[in-house]
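Structure first, commentary second.
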Amino acid sequence: MENFNSEIILTASTDEQLLDVYSSTVAGVVKSIAQAVVHVKVIKQLQNPRTKKIVENPGSGSGFIISSDGYIVTNNHVVEDAISIKAGFADGLELNATLIGTDPSTDIAVLKVYDGDLKALQFTNSDLLEAGQIAIAIGNPMGLQHTVTAGVVSALGRTLRANNGRLIDDVIQTDAALNPGNSGGPLVNSAGKVIGVNTAVVSAAQGLCFAVSSNLAAYVAGQLIMRGKVKRAQLGVAAQPVNLTQRMIGANHLKTKTGVYVYEILADANVYNNQIRTGDIIVEFENKPVATVDNLHKYLNEEVIGKKINLSVLRGGRKQEITVVPGELK
């Protein structure tokens, strides 16, 4: 019986030690990065549906400094249509912020402030993340400044639908609690380095929160700083997914059960798409299967702008090869 009790005491002591280490880790991270996390305060103009008058509507979100000269990463939906943006810091400093660029397709935006003794956070390689590792979120949920929540990386490689309809790839799922106002804040690891940008919560569930991965966020932020936008390609068509018949699939040796049906060709698009016909079903892009519009969006990156691309389309039920030259999406 004495041995049994000693085992219980030993286990309890070990658990306490582990909890102390965990608490110290989280507290240490928060202390080291707090001054780099900002409270993004915005004013947007909205039309009152009853009176039809334009009213000013305050809102807020989160963000974080990524360079000592004042660049801030946040979410596009936090600053979209804002007429005024301010950045508040943990020490009480509040600065006017300038919008540098936005990318609705990844829900990332970059701001800049021009004063203050600024500390920057570092992005880490999100490809090296593992499910189960510590994830710490700092933000301003419901306007409550510098709220800290902690959990783990729940899953990797998720996809999320952006407000403009495009899919965001390489999304991190976490159970670190997020609420409105956390958007745009950093999700960091136990070393205080950014692994993601908090962007979405599934309100009907508990513990389902999402962040744009650090690798994607860093790339987009770099493009916005250098160019003010992220370049993407387009074919100059309006299209929608369509189911293929078994006969179409078998006769043309297709790898997918769906394709992308072209129902309109946009004449004013800066592309060469003369070989595409209304009614074509796009099934391959450079020999890679096209099952959905999301597939097509993924292939239409900056690298294919101005290049000859081979498309496989079904026309009259038969597979044909055509050539297009994608242009830049405006």
- Item | Of all residues in the stretch 173-197 being aliphatic (A, V, I, L, M) and modelled with pLDDT of 95 or more, the one that is farthest from residue 108 (Cα to Cα) | 188
- Does the stretch 103-116 contain any residue that is farther than 17 Å from residue 185 by Cβ and free of Cβ contacts under 8 Å to residues at least 40 places away in the same chain? no
- Task: Check off (1) touching a Ser or Thr at 6+ places or on another chain (Cβ under 8 Å); (2) crowded, with 18+ Cβ neighbours inside 10 Å; (3) in contact (Cβ under 8 Å) with a residue 40 or more places away in the chain for residue 167 and give me the number that stays unchecked.
- Result: (2)
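Any chance you could count how many residues in the stretch 79-98 are part of a loop (DSSP other than H, G, I, E, B), surrounded by 13 or more Cβ atoms within 10 Å (Cβ to Cβ) and in contact with a strand residue (DSSP E or B) (Cβ under 8 Å, 6 or more places away or on another chain)?
Counting residues in the stretch 79-98 that are part of a loop (DSSP other than H, G, I, E, B), surrounded by 13 or more Cβ atoms within 10 Å (Cβ to Cβ) and in contact with a strand residue (DSSP E or B) (Cβ under 8 Å, 6 or more places away or on another chain) gives 4.
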- List every residue pair whose Cβ atoms lie under 6 Å apart, where the two residues are 6 or more positions apart in sequence or sit on different chains, the first residue falls within the stretch 287-299 and is of a type in the set (Gly, Ala, Ser), and the second residue, located anywhere, is surrounded by fewer than 17 Cβ atoms within 10 Å (Cβ to Cβ) and not in a helix (DSSP H, G or I). 291/256
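Quick one: count up the residues across the stretch 105-131 that are part of a loop (DSSP other than H, G, I, E, B) and closer than 15 Å to residue 171 by Cα. It would help to see each step written out before you state the result.
We begin by selecting, within the stretch 105-131, every residue part of a loop (DSSP other than H, G, I, E, B); these are 105-107, 113-122, 124-125, 129-131.
Pick out the ones that are also closer than 15 Å to residue 171 by Cα and you get 105-107, 124-125, 129-131.
So the answer is 8.
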- Message: Take residue 279 and tell me if it is out of contact with any strand residue (DSSP E or B) (no Cβ under 9 Å at 6 or more places or on another chain), assigned by TED's automatic domain parsing to the domain that holds residue 238 and not hydrophobic (A, V, I, L, M, F, W, C).
- Response: no
- Top-ranked residue of the stretch 256-285 - restricted to ones that are loosely packed, with under 12 Cβ neighbours inside 10 Å and modelled with pLDDT of 90 or more, ranked as farthest from residue 310 (Cα to Cα): 264
- Take the residues of the stretch 91-138 that are small (Gly, Ala, Ser) and more than 20 Å from residue 59 (Cβ to Cβ): which is modelled with the lowest pLDDT? 116
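The values are calculated or read from the model by the stated rules, or taken from the named source; none is laboratory data. Only a predicted model underlies this, so the values are computations on that prediction, with no experimental measurement involved. Neighbour counts are summed over all protein chains in view; Cβ atoms, including those assigned to glycine, are modelled from backbone coordinates with ideal geometry.
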